[in-house]
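In what follows, a structure is listed as structure tokens, so that the remarks can point back to it.
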Amino acid sequence: MTRPSTSSIAADRLVSDARAERGSILELIALHKSYGPLDVLKGIDLKVKPGEMVFLIGPSGSGKSTLLRCCNRLEEPTSGAVIVEGEDITAPSVDLNKARRRIGMVFQSFNLYPHKTALGNVTLALVKVSRLSRAAAREKAMAALADVGLADKAAAYPAELSGGQQQRVAIARALALEPKVMLFDEPTSALDPELVGDVLDVMRKVRAAGMTMLVVSHEMRFAAEAADRVVFMDGGVIVEEGPPSAVFGAPREARTQAFLSRVKH
Amino acid sequence: MDAIRQQFFDFDIMRQAWPMLLEGLVMTGLICLVVIPIGLLAGIGAALLSLSERRIVRWPSIAFVDLFRALPPIVLLIFVYAGLPFAGIRPSPFEAVAIAFLLNNAAYYGEIYRAGILSIGRGQSEAARSTGLGAGQTMLYVVLPQAVRNVLPDLVSNTVEVVKLTSIASVVSLAELLYQADMARSVTYNASPIVAAAGIYLVILWPLVRLVSRLERRIAA
Ligand SMILES: Nc1ncnc2c1ncn2[C@@H]1O[C@H](COP(=O)(O)OP(=O)(O)OP(=O)(O)O)[C@@H](O)[C@H]1O
Ligand SMILES: [Mg+2]
């Protein structure tokens, strides 16, 4: 599948615009993703400013996870650009493993390594990717675990932790690498209701520390309270975006209204 | 009753045959020591190749694995030992055994590892890759340790089969345990050395078989 040359030129121009502008830390430009005949993302343009917390909402199958996964190229975009700190990480010359260190990701199903302790989960990339010494990695990992309130669980294996604790270790694993942007894909959807709060507290704390965050979540109340911006997606396009008060309080688009009335029952 | 004891359980004959049996046991141990570690490593290679995303790598690897799983090992061994000389390659009996077992083991262990790797969810490697680990590092530090743990009973079980299978080395006159026992039988006109050899196999393999059961129970739990 080759890129249409016109949109590629357009994307190149936009890339240099984005570099000049310096305003955003993560920027998606004309992002397309299709699986064979199925167009999942149909031209997404999104800028996330440093320190901003952006919530991505939308019906099931609208492409939220795909969008997030294109941001660190767990999915390969069909066309378009993903700019992280001014660098187009979809460029062929890019060192993807290096780029990914700047983009932390938290998954719905935690995906902790079950054969490693909480500490081992956090130190692995510090040792193997950041090339820290064991001692330095350990120190950094312990600090990250302390940040999520789990310093006392460093020696525990994932199977010995509750879902909420596992998710917090997963957040520590990503945070320890000092990413510039954190991606969260429904971080609380797999949790028992009583464990959701702990994870949200950690996310609040991460936000307060100035982290740039792009979050897919169905926690509308959390979004209303914590988000700087809410982006509503449907059918592979961004339908509407704005501050939570506007999107939740006075949605302009009929599709947004229909979606919100459905999730609010 | 006495006839049976004389023919099969003559301890005097067993004692006489003991030095020969011991030599054979050492050779069997030597074969295992060469063939099992190489097989365990080659199996990982075969598994990785047959899981490659490139068709040009994957298809020949799958064909390789299928071929050597379908081929009776004794046929393979005789071909390597007695067939290759027609191509000007003359392996010693030990070399022939090593080559035949390498091919057979790579295929069998390979299938076991492959199942193990496939049992690990995609989320594991995605999490690893998202932290910047490369594909090789992800395999080495995240996927393989879990995969091996999941298929450990199968790996040990296959290793039991390999130890038993070393007795086919006797067909190329490699003086391993069975070969020596059979020599002793033909010298003494008595089956007791064979019974002794069987006893030795049993003593060595029984703990391994127990281990397989324990591992299987642990995995099931
Ligand atoms: N690997 C894939 N192959 C083919 N189709 C896919 C693949 N991954 C996702 N899709 C399709 O892409 C569409 C968008 O999926 P995606 O997971 O991004 O949606 P989502 O908005 O995250 O939904 P949900 O809220 O249910 O998580 C869906 O129709 C899905 O079936
Ligand atoms: Mg999703």
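When Lys and Arg each count +1 and Asp and Glu each count -1, what net charge do the other residues less than 10 Å away from A:Arg100, Cβ to Cβ, add up to? Can you show the working numbers first?
On the way: positive: A:Arg73, A:Lys98, A:Arg101, A:Arg102, B:Arg129; negative: A:Asp95.
With Lys, Arg at +1 and Asp, Glu at -1, the neighbours total +4.
What do you get when you divide the Cα radius of gyration of the range B:60-103 by 2.2 N^0.38 Å, with N the number of residues? Walk me through the numbers before you get to the answer.
Numbers: Rg = 10.8 Å, N = 44, 2.2 N^0.38 = 9.3 Å.
Dividing the Cα Rg of the range B:60-103 by 2.2 N^0.38 Å gives 1.16.
Give the separation of the Cα centroids, the range B:31-86 to the range A:74-118, in Å.
37
Taking every residue in A:101-113, how many Cβ atoms of other protein chains lie within 10 Å of its Cβ, on average? Intermediate values should be presented prior to the final figure.
Working: counts 4, 1, 3, 2, 5, 2, 4, 1, 3, 2, 10, 3, 8.
What the average comes to for A:101-113 is 4.
Sum -39500 (n - 2.57) across every DSSP H segment of at least 4 residues in the protein assembly as shown, then divide by the residue count to get the 222 nm mean residue ellipticity, nearest 500.
Numbers: 19 runs with 275 residues, N = 486.
Rounded to the nearest 500, the figure is -18500 deg cm²/dmol.
May I ask you to list, by number, the DSSP H helices of chain B whose Cα span along the axis is at least 24 Å and whose average Kyte-Doolittle hydropathy reaches -1.0 or more?
Membrane-span-like by this criterion, though nothing is claimed about a membrane: B:11-50, B:93-118, B:144-165, B:192-220.
Over the Cα atoms of the range A:63-213, each weighted equally, I'd like the Debye log10 I(q)/I(0) at q = 0.10, 0.13, 0.14, 0.20 Å⁻¹, rounded to two decimals.
-0.35, -0.59, -0.68, -1.29
With r as the distance between the Cβ atoms of B:Ile56 and A:Asp192 and R0 = 45 Å, compute the FRET efficiency 1/(1 + (r/R0)^6) and round to 0.05.
Details: r = 48 Å, r/R0 = 1.06.
Computed FRET efficiency for A:Asp192 and B:Ile56 comes out at 0.40.
Note down the magnitude of the dipole of chain B about its Cα centre, charges +1 on Lys and Arg C-beta and -1 on Asp and Glu C-beta and zero elsewhere, to the nearest 20 debye.
On the way: 17 positive and 14 negative charges, 157 e Å.
Charge dipole, chain B, about its Cα centre: 760 debye, nearest 20.
Any chance you could get the radius of gyration and Dmax over the Cα atoms of the protein assembly as shown, in Å?
Calculated on Cα positions, Rg and Dmax stand at 30.7, 101 Å.
Find out how many positive minus negative residues lie around B:Gln146, taking Lys and Arg as positive, Asp and Glu as negative, among other residues whose Cβ is under 15 Å from that of B:Gln146.
Details: positive: A:Lys116, B:Arg114, B:Arg122, B:Arg149, B:Arg218; negative: B:Glu126, B:Asp154.
Once positives and negatives cancel, what remains is +3.
Obtain the nm distance between the two label points defined at A:Glu87 and B:Ala198 by a simple spin-label model: each point lies 7 Å from its Cα along the Cα-to-C-beta direction.
My value for the distance between the label points is 6.9 nm.
Using alpha carbons only, how many degrees (0 to 90, rounded to 10) separate the axis of helix A:163-175 from the longest principal axis of chain A?
The angle comes out near 80 degrees.
Take every residue in peptide A:214-220, count the Cβ atoms of other chains within 10 Å of its Cβ, and give the average of those counts.
Details: counts 0, 0, 0, 0, 0, 0, 0.
If you average over the peptide's residues, the count of other-chain Cβ atoms is 0.
On a full-extension model of 0.36 nm per residue, what is the gain between A:Thr78 and A:Ser261, subtracting their alpha-carbon distance, rounded to one decimal in nm? It would help to have the intermediate numbers written out before the result.
Working: separation 183, 0.36 × 183 = 65.88 nm, distance 3.31 nm.
Here the answer is 62.6 nm.
Got a sec? How would A:Ser217, A:Ser130 order by Cβ neighbour count within 10 Å, fewest to most?
Working: A:Ser217 22, A:Ser130 17.
Ascending Cβ contact count within 10 Å gives the list A:Ser130, A:Ser217.
Using 1/(1 + (r/R0)^6) with R0 = 35 angstrom and r between the beta carbons of A:Ala143 and B:Arg218, what's the FRET efficiency to the nearest 0.05? Walk me through the intermediate numbers first.
Working: r = 35 Å, r/R0 = 1.01.
Once rounded, the FRET efficiency stands at 0.50.
If I model a spin label as a point 7 Å beyond the Cα along the Cα-Cβ vector, how far apart are those points for A:Tyr35 and A:Asp228 in nm?
It is 3.2 nm.
Could you work out how far helix A:5-21 tilts from the main Cα principal axis of chain A, as a 0 to 90 degree angle to the nearest 10?
Value to nearest ten degrees: 60.
Between B:Ile4 and B:Leu71, what is the spin-label point distance in nm, taking each point 7 Å from the Cα along the Cα→C-beta axis?
4.3
Quick check for you: which residues of the range B:148-171 have the amide N under 15 Å from the point 7 Å beyond the Cα of B:Asp182 toward its beta carbon?
Once the point is set 7 Å along Cα→Cβ of B:Asp182, B:165-171 turn out to lie under 15 Å by backbone N, inside the range B:148-171.
Tell me, how many Å apart are the Cα centres for the range B:106-161 and for the range B:199-221?
Spelled out, the Cα-based centre of one part sits 22 Å from the other.
In a shell of Cβ-Cβ distance under 14 Å around A:Val148, excluding A:Val148 itself, what net charge do Lys and Arg (+1) and Asp and Glu (-1) give?
Details: positive: A:Lys140, A:Lys153, A:Arg168, A:Arg173, A:Arg204, A:Lys205, A:Arg207; negative: A:Asp147, A:Asp152, A:Asp198, A:Asp201.
Local charge sum for A:Val148: +3.
Could you state the orientation-averaged shadow area of the convex hull built on the Cα atoms of the range B:2-220, in nm² to one decimal?
On the way: hull surface 61.4 nm².
Averaged projected hull area, Cα only: 15.3 nm².
Every number here is computed from the coordinates shown, using simple stated rules; none is lab data. Fair warning: this is a prediction, and the values are worked out from it, not measured in the lab. Note: ideal-geometry Cβ built from the backbone for every residue, glycine included; neighbour counts use all protein chains shown.
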